[in-house]
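The values are calculated or read from the model by the stated rules, or taken from the named source; none is laboratory data. Owing to the predicted nature of the structure, the values given are computational and were not obtained by experimental measurement. Quick reminder, even Gly has a Cβ in these numbers, built from the backbone with ideal geometry, and neighbours come from all protein chains shown. Note: accessible area is taken over every heavy atom of the protein model, side chains too, but ligands, DNA and RNA are not part of it. Shrake-Rupley method; radii C 1.70, N 1.55, O 1.52, S 1.80 Å.
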Amino acid sequence: HYGGGIFNRSMSADYSNVLFVDNEASLGGAIYSPYQEGNNILSNVTLFNNSASSEYDGIYNSSGTISIENSNIVDNGEALYNENSLEYTPAIYNYWGDPSGPYHPSQNPNGNGDSVNVLVNIDPWLTTPNTDAPPIPAQNPHRILNTITTTKEHKRQHRPQTPPSKQTQLRKTTPPSQ
């Protein structure tokens with residue numbers, strides 16, 4: 001199936017303050033927009049840990065228009081793929097899971113965040129999460145240890161110079177006394 005969160009066949013829609021988490025599909029884990037009639041505007045959304053068994057873990061846009069801004073896009077691997085060569089997808093003022101920004105073949109080849117293809121404009125990006133968007137879910141809320149190491153495998157076949165895993169250290173915090 002396509003679009004684990006949303007499969008937009010032909011409508012135009014505005015999405016604000018929406019959380020797309022753990023969606024799975026064969027193409028477009030979070031959103032799949034294959035037709036040119038659709039115009040999707042996303043603002044203050046969080047896309048976290050979406051995946052696709054074939055390609056395009058986060059958002060796939062074929063020939064419509066899509067824009068995303070002021071959002072958190074974390075742990076989706078290939079987060080945004082725009083196939084519409086007639087129109088660049090604006091994806092500005094987003095947090096991509098790393099202060100260095102998203103990987104972009106020409107605009108940010110050293111970015112360690114989620115990746116986009118060349119038909120996406122990502123500059124400028126946020127270096128910290130947008131607190132106006134829904135919060136990024138905890139990486140591993142069920143383990144209570146002094147130090148936790150989590151590993152997320154990313155599908156970054158177009159980034160052979162980047163290691164296939166990304167490690168993040170989370171530290172236990174002590175809740176306030178009640």
Taking 0.36 nm per residue of separation and subtracting the Cα-Cα distance, what length does fully extending Glu83 through Ser100 add?
3.7 nm
Based on the alpha-carbon gyration tensor of the stretch 74-136, what equivalent-ellipsoid semi-axes (square roots of 5 times the eigenvalues) come out, in whole Å, largest first?
19, 12, 10
Give me the extension gain from Ala138 to Asp123: residue separation times 0.36 nm, minus the current Cα-Cα distance, reported in nm with one decimal.
2.7 nm
Considering only protein heavy atoms, what is the solvent-accessible area of Tyr88 at a probe of 1.4 Å, reported in Å² to the nearest 10?
130
Treat each spin label as a single point 7 Å out from the Cα along the C-beta direction, and report the Tyr93 to Leu19 distance in nm.
2.3
In the stretch 73-100, whose amide N lies under 19 Å from the spot 7 Å out along Cα-to-Cβ of Ser54? List them in ranges.
77-85
Sorted on mean Cβ neighbours within 10 Å (highest first), peptides 125-131, 112-118 come out as 112-118, 125-131
Taking H placed 1.01 Å from N in the peptide plane, check which residues at least 5 places from Phe20 or on another chain put their amide H under 5 Å from its amide H.
Thr46, Leu47, Phe48
Rounded if a/c is under 1.5, else prolate if a/b beats b/c, else oblate: with a ≥ b ≥ c from the C-alpha gyration tensor eigenvalues square-rooted, which is the stretch 21-104?
oblate
